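Structure record follows, encoded as structure tokens.
The values are calculated or read from the model by the stated rules, or taken from the named source; none is laboratory data. On a predicted model such as this, the values are computed, not experimentally measured, just so you know. Backbone-built Cβ (ideal geometry, glycine too); neighbour counts: all protein chains shown. Surface areas here come from the heavy atoms of the whole protein model, side chains and all, with no ligands, DNA or RNA. Shrake-Rupley method; radii C 1.70, N 1.55, O 1.52, S 1.80 Å.
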Amino acid sequence: MAHDLDKYLQLARELGADEAVHLAVDHIPVDEKVVADCAGGNCEGYGLSANCPPHAQPPAETRALLAQYKDALLVGKRFPLEVMQKGWDSREWRGAFHSIYKLVAKLEDAVRADGHTRAIAFAAGSCRAAFCAGFDTCTVLEGEPCRFPKLARPSMEGVGIDVYAAMEKAGIDFTRVGEWSEDEEEMVTLVGLVIVL
Ligand code: SF4
């Protein structure tokens, strides 16, 4: 398995990851407070997609899922603070989130194709923002298939994963949202996760 993990970390970098770190799954905390933050007016995507709270997998189920897994690949891409401050109306902002979804979905595909068929990916932010900002609805919430099934995934935070704690464990530098500097040269890291049995 160690050899496979090294190979997948290398693949993540080839797919565009600026950070790619192996993490034991039991170092990934899940906390109800994370989902409560989504609901507390901190995310424009709350309730707008099947992959976001309160529709996404609740933290208790995430905890039970992670308990079945051993290894995780935490992958990140860095974007200028200037872009990350723009929000949903910005094509660049949506593009940044789009790219982290694409990265984890491609990595999940490759890991599954290599024999780890129960690999599962989680992204960052809201798939509604990344893919369906130009539509009035999330089709899944209306009982129809997802428009982007090959790319859309729940976010780490949307299922209760404490993203900052995971980044800290992985040794990835980060600045919490709301504590960003005034320096527009600062880079912000968006992260996603692929768990592997
Ligand atoms: S249709 Fe799919 S990609 Fe679009 S918001 Fe719903 S779950 Fe996300």
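Being within 16 Å of the ligand (Cβ to nearest atom), farther than 21 Å from residue 167 by Cβ and of a type outside the set (Phe, Trp, Tyr) is the filter; apply it to segment 28-56 and report the residue that is least open to solvent (accessible area, probe 1.4 Å).
Of segment 28-56, the ones within 16 Å of the ligand (Cβ to nearest atom) are 38, 43-56.
Then drop every residue that is not farther than 21 Å from residue 167 by Cβ, which leaves 44, 46-50, 54-55.
Still in the list and also of a type outside the set (Phe, Trp, Tyr): 44, 47-50, 54-55.
Values: 44: 122, 47: 23, 48: 64, 49: 1, 50: 26, 54: 84, 55: 90 Å².
Step by step, filter segment 28-56, then rank; the result is 49.
Inspect all residues belonging to segment 129-144 and state whether any of them is under 15 Å from residue 190 (Cβ atoms) and more than 10 Å from the ligand (Cβ to nearest atom). No, that holds for no residue. Criterion first (farther than 18 Å from residue 65 by Cα, more than 12 Å from the ligand (Cβ to nearest atom), aromatic (Phe, Trp, Tyr) and open to solvent by 40 Å² or more (accessible area, probe 1.4 Å)) does residue 88 satisfy it? In short, yes.
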